[in-house]
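Beneath this line is the structure, given in structure tokens, with notes to follow.
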Amino acid sequence: MVVRRPPGRRAQILAVAADRFHRSGYHQVSMTEVAAGVGITAPALYRHFRGKPELLDRAVRLGLDALACGLRGARTAGDLGAALAAVAVGHRPLGTLVQRDARLLPPARRAALRRELRADVALMTAVLRAGRPELPLPDAELLCWSALSACTGLSYQSAAPQPRRAEAVLRELVAAVLAASPGGAAAHPDPAVHPGPAVAPAPVPAADPVAPGSPEPRPQARREELLAAAVRLFHQRGFDNVSTDQLGAAVGISGPSVYRHFDSKAQLLAASLVRSRERLWQEVDGAFAAAAGPEAALAAGLGAYVGFALRNGDYLGAMLSETERLAPPDRRVAVDFRRDFLRTWVGLLRRVRPEYDAVEARIRVHALFALVNDGVRNRPHSARPDLGNCLLHLGRAVLGLPGTDGGRVPAPR
């Protein structure tokens with residue numbers, strides 16, 4: 001007897017796998033779980049896909065193919081916004097799969113993915129410059145990358161908003177980004193507005209090995225060095241690809257000596273993310289508290305967030321990619337922090353723009369975080385000397401705030 005497979009079974013498997021990877025993280029999802037979500041056995045699943053790496057690869061490719069298809073028909077900036085919004089809503093897991101999980105793919109596939117994204121941005125840039133020929137190529141590329149990043153923010157919402165509403169908001173904010181002038185001046189400048197000073201990102205250096213005969217740092221100082229090194233290495237290589245020997249070498253000690261400060265690599269990851277969260281909240285909340293009125297607080301908070309991102313890109317990357325590697329209690333704390341942080345921004349934005357309901361405010365705040373987080377890590381644009389002011393201006397565009405208000409990016413500490 002011939003057993004016929006239901007039509008579209010592969011597409012169904014990919015949809016379930018993408019959703020599971022998106023919600024729980026690649027490492028936390030088994031083939032058995034994907035098979036159960038489809039309603040088949042694990043052996044039946046292996047008849048369609050060889051394993052999890054292929055599932056992830058195909059799920060990412062499916063979303064990128066949809067993006068490329070939508071962009072090929074674009075002729076105007078409005079068309080670009082419609083295409084980006086449609087893919088962001090129709091393939092909501094794509095943002096997290098690309099930003100968090102795709103680095104787990106084989107090197108050749110990662111390189112192919114980067115080429116596909118660059119080709120998409122090149123197509124977008126050509127369309128944008130056809131309508132805005134005065135834009136220098138680097139500025140046009142930055143705007144297109146920023147619009148793409150802003151739309152991926154939808155991936156990080158815990159609950160999907162109504163599709164038509166989400167598409168409408170995303171089209172509007174993409175239009176605002178593509179109409180901006182990245183150098184910090186509005187496309188229709190207000191002579192009363194003065195952009196803040198340019199601030200270049202300050203990379204976090206690796207700790208120098210301890211020279212022979214030099215005094216041993218105090219335990220607390222060594223612990224701080226390990227926390228900084230852990231954030232950097234976990235972001236750059238991934239939690240599973242960093243050994244205790246590598247962590248120790250980064251601060252000039254042996255691998256086993258790491259256990260004098262932390263019981264396990266997992267505890268070191270948790271502590272490093274906690275320390276970075278504390279610094280982020282201290283800087284942003286301090287900016288909110290020192291401002292006079294909601295609009296000034298929102299501007300000050302935006303400046304503080306951009307300044308923090310410029311100095312702490314490794315933390316933002318590790319937060320996105322490694323939170324799912326935490327033990328369940330630590331993961332809940334991290335998720336609660338994200339939720340409270342988002343709620344603070346949404347509430348403040350709605351006080352400044354009362355016409356936004358909670359749905360639109362959440363979409364815009366998520367878009368802001370995605371735009372800034374990507375902006376400080378996406379080379380070559382992350383090396384722009386005026387990146388801080390670019391992100392301030394684009395952040396205001398995403399939030400739907402007019403012009404610039406003289407906000408300043410805090411200087412590196």
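The values are calculated or read from the model by the stated rules, or taken from the named source; none is laboratory data. All values derive from a computational prediction rather than experimental measurement. Here Cβ is always computed from backbone atoms with ideal geometry, including for glycine, and neighbour counts include all displayed protein chains. All accessible areas refer to the heavy atoms of the entire protein, side chains included, with ligands and DNA or RNA removed. Shrake-Rupley method; radii C 1.70, N 1.55, O 1.52, S 1.80 Å.
Regarding segment 133-151, can at least one residue be identified that is among the hydroxyl-bearing types (Ser, Thr, Tyr), touching a residue at least 24 places away in the same chain (Cβ under 8 Å) and over 23 Å from GLU322 (Cβ atoms)? Yes, that holds for at least one residue.
Yes/no per residue for (1) in a helix (DSSP H, G or I); (2) under 23 Å from the mean Cα position of the chain (by Cα); (3) hydrophobic (A, V, I, L, M, F, W, C):
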residue: ALA11; (1), (2), (3): yes, no, yes
residue: ALA15; (1), (2), (3): yes, yes, yes
residue: ALA18; (1), (2), (3): yes, yes, yes
residue: THR32; (1), (2), (3): yes, no, no
residue: ALA36; (1), (2), (3): yes, no, yes
residue: VAL60; (1), (2), (3): yes, yes, yes
residue: GLY63; (1), (2), (3): yes, yes, no
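Please specify each residue of segment 65-78 satisfying the condition of being touching a residue at least 12 places away in the same chain (Cβ under 8 Å) and either loosely packed, with under 14 Cβ neighbours inside 10 Å or assigned to a helix (DSSP H, G or I) (or both). Correct list: ALA66, LEU67, ALA68, GLY70, LEU71, ARG72, ARG75, THR76, ALA77, GLY78. The residue of segment 79-121 that is farthest from the chain's Cα centre (by Cα), among those that are free of Cβ contacts under 8 Å to residues at least 60 places away in the same chain and outside any helix (DSSP H, G or I), is PRO106. Based on what the data block shows, is GLU295 farther than 22 Å from ASN241 by Cα and either charged (D, E, K, R) or open to solvent by less than 10 Å² (accessible area, probe 1.4 Å) (or both)? In short, yes. Would you check if there is a residue in segment 23-30 being open to solvent by 60 Å² or more (accessible area, probe 1.4 Å) and among the charged types (D, E, K, R)? Yes. The residues of segment 31-56 that are touching a residue at least 40 places away in the same chain (Cβ under 8 Å) and surrounded by fewer than 19 Cβ atoms within 10 Å (Cβ to Cβ) amount to a single one, PRO53. Report yes if some residue within segment 279-288 is without any contact (Cβ under 8 Å) to a residue 24 or more places away in the chain, under 19 Å from the mean Cα position of the chain (by Cα), farther than 19 Å from VAL365 by Cβ and in a helix (DSSP H, G or I); otherwise report no. Checked against the condition, which is being without any contact (Cβ under 8 Å) to a residue 24 or more places away in the chain, under 19 Å from the mean Cα position of the chain (by Cα), farther than 19 Å from VAL365 by Cβ and in a helix (DSSP H, G or I), segment 279-288 yields no hits at all. In summary, ARG129 fulfils each of the numbered conditions (1) more than 13 Å from the chain's Cα centre (by Cα); (2) buried (at least 21 other Cβ atoms within 10 Å of the Cβ); (3) modelled with pLDDT of 95 or more with the single exception of condition (2). Of all residues in segment 41-58, which are of a type outside the set (Gly, Ala, Ser) and in a loop (DSSP other than H, G, I, E, B)? Residues satisfying the conditions are THR41, ARG47, HIS48, PHE49, ARG50. Within segment 235-265, being at pLDDT 90 or above, of a type outside the set (Asp, Glu) and assigned to a helix (DSSP H, G or I) holds for THR244, GLN246, LEU247, GLY248, ALA249, ALA250, PRO256, SER257, VAL258, TYR259, ARG260, LYS265.
Of the helices (runs of 4 or more DSSP H) lying entirely inside segment 327-406, those containing at least 1 residues that are surrounded by fewer than 19 Cβ atoms within 10 Å (Cβ to Cβ) and touching a residue at least 24 places away in the same chain (Cβ under 8 Å) span 328-352, 358-375.
Note on segment 147-167: residues that are open to solvent by 20 Å² or more (accessible area, probe 1.4 Å) and in a helix (DSSP H, G or I) amount to 7.
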